[in-house]
Amino acid sequence: MDTGTLVMADVVLQSGVVRAAARRIGRPPATVSVAIRRLEEELAVDLVHRVGARLTLTLEAARLAAPLAELRRLSEALMAPGAADGDRTALAIERAVSLEALRRFAEVARVGSIRRAALRLGIGQPQLTRQLTNLEAALGVRLLDRGAAGCGPTEEGRRVLDVAREIDAVWSHLAGTARQDRQRRINTVRLGSIVPLGQESPIARLLAALLARWTAEARAYRLALTSTTAEILVDQLRSGELDLAVLDTDGRVGGLEGEQFGRSRLAIVGHPGFARGRQPEEILTSEKVAVQSLRSGLRQTVGRVLGEATSPAERTPPNFVEVDSIPVIVNLVVAHRYVSVLPRASLAGIVGDFDILELDPRFDLPLWLVWQPTDPVRRFSRQILSIIADL
């Protein structure tokens with residue numbers, strides 16, 4: 001890592017637009033983008049979401065904003081004290097120095113000898129001498145007074161030394177935290193799941209029991225759980241963001257492996273008297289219906305229930321309201337006379353006055369565990385399926 005990268009990255013994060021940041025510091029946009037990517041790789045975190053030339057900071061970037069701003073301030077402070085603020089920014093980028101060179105200068109100043117410092121650092125004395133000469137040239141100051149008995153920092157050298165030690169402390173903490181986070185991610189099994197349909201739903205109970213059992217057995221890898229729709233889960237499996245996922249769709253997905261471990265009986269739920277002897281497809285075409293989006297497996301099953309009642313071009317009939325929040329769907333049913341299709345077992349925890357029409361078993365919602373086709377993940381899938389079978 002070098003001071004120029006730190007300064008450019010902070011300018012970009014402060015600006016939020018690559019091209020505007022590039023104009024501000026007089027660098028090509030490609031150079032500025034490379035600085036951000038390099039810092040992301042070094043810290044092993046995503047700092048920005050890119051939408052065209054516009055950037056949106058991630059939560060991690062917001063958390064790291066203060067130490068990154070401090071590193072920029074310190075990097076600029078290495079430059080000559082008399083330079084104006086704008087000039088110091090430009091100089092810190094133009095005369096970028098590596099953090100390793102600053103650490104080695106600090107070691108030379110500490111032991112008072114280039115030869116002894118080279119021995120302690122495990123590098124050749126000519127290499128260290130050359131690096132110190134380059135550092136002095138970049139900063140435009142003489143850092144060391146050399147003599148037969150050794151060397152010591154000049155007045156400017158002492159100023160640079162104080163700043164270098166501060167940079168090292170801030171960067172070491174930042175990079176150390178990043179290494180810990182990276183190791184934690186490496187030692188984590190990333191499990192995704194469809195959103196549980198309430199506290200009483202089979203998925204909610206299963207996932208809670210799975211997490212509790214996995215943690216209690218003190219396995220070498222911890223289990224981390226996220227929830228979203230089935231379509232997004234498949235995309236995240238394919239991109240490598242997830243290792244495994246619990247889906248409520250047919251788990252035979254190209255490029256992935258999976259096994260069905262259960263089924264969930266579905267029911268239409270709605271205001272009292274909504275059924276009145278009618279067939280499910282008639283209810284779903286005449287009532288106000290709250291359903292999840294087409295990204296969900298549950299919604300795909302609703303399409304099967306409708307059968308020929310809607311045309312292929314009308315996948316979302318006019319009487320449908322799409323909501324990917326189960327609590328909102330439940331409130332629409334209980335308080336606003338909507339109907340919906342939900343797992344039968346998840347209805348036990350709903351408070352309110354409503355009727356239930358259980359659907360035919362052929363519409364049962366399949367539950368699959370799907371995973372990336374790699375040997376380590378296959379081992380995790382067998383362990384998870386074994387736990388599920390015991391629950």
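Overview of results
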quantity: For the chain: relative contact order, % (alpha-carbon pairs under 8 angstrom, 6 or more apart); calculated: 15 percent
quantity: Local net charge near Leu139, Cβ-Cβ under 11 Å (Lys/Arg +1, Asp/Glu -1); calculated: +1
quantity: Relative contact order %, region 1-152, counting alpha carbon pairs below 8 Å whose residues are six or more apart; calculated: 24 percent
quantity: Ranked Met1, Met79, criterion: other C-beta atoms within 10 Å, fewest first; calculated: Met1, Met79
quantity: Full-stretch length increase - Arg337, Ala148 - with 0.36 nm per residue and alpha-carbon distance subtracted; calculated: 58.8 nm
quantity: Selection of GluC sites (Glu not before Pro), region 201-258, meeting DSSP coil and at most 14 other Cβ within 10 Å; calculated: Glu217, Glu241
quantity: When the convex hull of its Cα atoms is projected in every direction, mean area for region 3-94 (nm²); calculated: 5.3 nm²
quantity: Region 99-184 - percent relative contact order, Cα under 8 Å, separation 6 or more; calculated: 29 percent
quantity: Quarter of the Cα convex hull surface for the chain, i.e. its orientation-mean projected area (nm²); calculated: 26.3 nm²
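Bear in mind that the values in this text are calculations on the coordinates, not laboratory data. The structure displayed is predicted, hence computed values, not measured ones. Ideal geometry is used to build each Cβ from the backbone, glycine not excepted, and the neighbour counts take in all protein chains shown.
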